[in-house]
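Please read the structure below before turning to the comments.
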Amino acid sequence: MDIIPKSLPRTNEKVLEILSLHNPWESKVLDLGAGEGYFSSLLSEKFLEKGIDRIAEHMSACDLFPREFKFGKITCDFCDFNSSFPYRDNSFKAVCSIEVIEHLENIFHLMREVYRILQPGGVAVITTPNILNMNSRLTTFITGFPLLYGPLPLFSHEPQDLGGHINPVSLYYLTYIAKRVGFKEVKIHTDRLKRSARLLALFLYPLIKIGEKILFKKMKKENKHIFDENYEFISNINSFHILLGRTLILEAIK
């Protein structure tokens with residue numbers, strides 16, 4: 001049975017690459033928002049490469065629609081990500097959530113629950129569309145909506161019936177929420193650089209850097225302590241991998 005990814009294959013591959021740096025294979029990994037099970041199937045192959053064939057002992061999956069899950073080596077638990085997750089504290093060495101948070105009403109809740117079910121030293125790898133790449137910035141400027149976002153049905157359909165992107169999250173707020181809920185180390189990656197964004201960056205980068213200098217000067221004058229606390233993240237907002245990157249990938253260590 002073919003398993004169709006609901007997110008881009010390259011995004012899944014990059015998540016697996018980041019996950020592999022933490023060597024979670026002797027412990028347990030959760031595919032949170034598993035869809036049909038595409039990432040679970042990739043994860044299973046990695047466990048088998050490591051000589052671990054009791055997949056169900058090392059992997060779990062959950063989704064709002066578990067009946068859609070097609071990967072037969074494990075079961076998929078029902079999970080409403082706006083409610084408490086059906087797992088005990090400190091259950092997993094790693095939690096991977098690919099293109100889920102933009103569909104949720106309460107991102108803080110998701111992050112708190114992910115933090116709760118992770119073991120100390122465990123890693124969360126969470127992805128979402130990068131609304132700060134050049135294409136999305138231009139789209140927002142022209143239409144008022146970031147790339148991959150737009151008006152949603154109020155009453156005629158449920159949002160998930162039409163894609164369900166209800167909560168655009170930028171780099172700063174993704175890292176801010178992760179730090180606020182307790183993650184001690186936070187890094188941002190992207191899956192690939194968009195060629196179409198490079199030409200836009202070539203023309204607009206000088207203007208962006210001027211705007212950045214104005215913002216930094218204002219922040220240092222009015223709220224220097226806040227500027228100092230946030231510098232690691234706000235200085236990354238206009239970096240090339242954010243201006244050109246297709247997908248934001250958060251790597252957060254408990």
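The values are calculated or read from the model by the stated rules, or taken from the named source; none is laboratory data. Remember, predicted model here, so these are calculated numbers, not experimental data. Note that each Cβ is placed from the backbone with ideal geometry, even for glycine, and that neighbours are counted across all protein chains shown. Ligands, DNA and RNA are stripped out before the accessible areas are found, and what is left, the full protein with its side chains, is counted by its heavy atoms. Shrake-Rupley method; radii C 1.70, N 1.55, O 1.52, S 1.80 Å.
Structural remarks
- Criterion violated by residue 148 - all others in (1) in contact with a His (Cβ under 9 Å, 6 or more places away or on another chain); (2) open to solvent by 90 Å² or more (accessible area, probe 1.4 Å); (3) not in a loop (DSSP other than H, G, I, E, B) satisfied: (3)
This table checks each residue for (1) farther than 30 Å from residue 117 by Cβ; (2) touching a Leu at 6+ places or on another chain (Cβ under 7 Å); (3) of a type in the set (Asp, Glu).
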position	(1), (2), (3)
187	no, no, no
196	yes, no, no
224	yes, no, no
245	no, yes, no
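- Output for the stretch 1-13, where each listed residue is open to solvent by 20 Å² or more (accessible area, probe 1.4 Å) and assigned to a helix (DSSP H, G or I): 9, 10, 13
- Qualifying residues in the stretch 174-191 (those that are part of a helix (DSSP H, G or I) and in contact (Cβ under 8 Å) with a residue 24 or more places away in the chain) - the one surrounded by the fewest Cβ atoms within 10 Å (Cβ to Cβ): 180
- One residue from 44, 40, 97 being over 26 Å from residue 174 (Cβ atoms), modelled with pLDDT of 95 or more and open to solvent by less than 10 Å² (accessible area, probe 1.4 Å): 44
- All conditions but one from (1) aliphatic (A, V, I, L, M); (2) over 25 Å from the mean Cα position of the chain (by Cα); (3) more than 24 Å from residue 64 (Cα to Cα) apply to residue 234; the one that does not is (2).
- Any chance residue 51 is touching a helix residue (DSSP H, G or I) at 6+ places or on another chain (Cβ under 8 Å), at positive phi and not polar (S, T, N, Q): no
- Residues of the stretch 210-249 satisfying the condition of being surrounded by 15 or more Cβ atoms within 10 Å (Cβ to Cβ) and more than 21 Å from residue 148 (Cα to Cα): 219, 227, 230, 233, 234, 236
- Search result, residues across the stretch 65-94 that are more than 25 Å from residue 45 (Cβ to Cβ) and surrounded by fewer than 16 Cβ atoms within 10 Å (Cβ to Cβ): 78, 80, 82, 83, 84, 86, 88, 89, 90
- Matching option when the condition is under 30 Å from residue 195 (Cα atoms), part of a strand (DSSP E or B) and hydroxyl-bearing (Ser, Thr, Tyr), among 127, 139: 127
- Considered as a group, the residues in the stretch 101-141 that are of a type in the set (Val, Ile, Thr) and open to solvent by less than 10 Å² (accessible area, probe 1.4 Å) include one that is farthest from residue 9 (Cα to Cα), and that residue is 117.
- Residues in the stretch 14-60 that are closer than 12 Å to residue 71 by Cα and in a loop (DSSP other than H, G, I, E, B): 34, 35, 36, 37.
- Residue 207 vs. criteria surrounded by 17 or more Cβ atoms within 10 Å (Cβ to Cβ) and part of a helix (DSSP H, G or I): no
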